[in-house]
Amino acid sequence: MQTSGVQSIYRDGSNLVREALEKNLVDELVLSWIPVVLGSGIRLFEEGLSPSRWRLGHSRSFQSGIVQASYRNAHFTEPHAECVGNQA
C-alpha cells in the first residue's frame, strides 16, 4: 500500500487492533481520554498481550476536556540490536 501512496490507515475494533499489536504491525497509537468516570467498561487491552515499548510523540488537550496523546512504537523508532551490534 505504501508504494501506492497510502500513508495512514485508521482501523478500529478490539480484535483487529489486538492482532495487529501482537504481530508488531502498529507504528503509532493515538489515545483519547474523555473526563467521565464510568466505574466499569471495556478494557483497552486484554490480558495476555505481549509487552511492547512506546514513546510519546505529542499530546494535546481540547476545551471540552478531552486529552489526546500520540505514541510511536519503539520498534519502529529505535535501532535494533542486530543492526548496531549485540552489546552482550
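Where a number appears in this text, it was derived from the coordinates with a stated rule and is not lab data. In this text, all values refer to a predicted model and were calculated from it rather than measured experimentally. Cβ placement follows ideal geometry from the backbone for every residue including glycine, while neighbour counts extend to all protein chains displayed.
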Stretchable slack from Ser4 to Leu25, in nm (0.36 nm times residue separation minus alpha-carbon distance): 5.7 nm
Footprinting exposure proxy for Ser32, Ser52 (fewest neighbouring C-beta atoms within 10 Å first): Ser32, Ser52
Length gained when the stretch Val36-Ser52 is fully extended (0.36 nm per residue, less Cα-Cα span): 3.0 nm
Radius 14 Å from Cβ of Ser59, net charge of other residues (Lys, Arg +1; Asp, Glu -1): +2
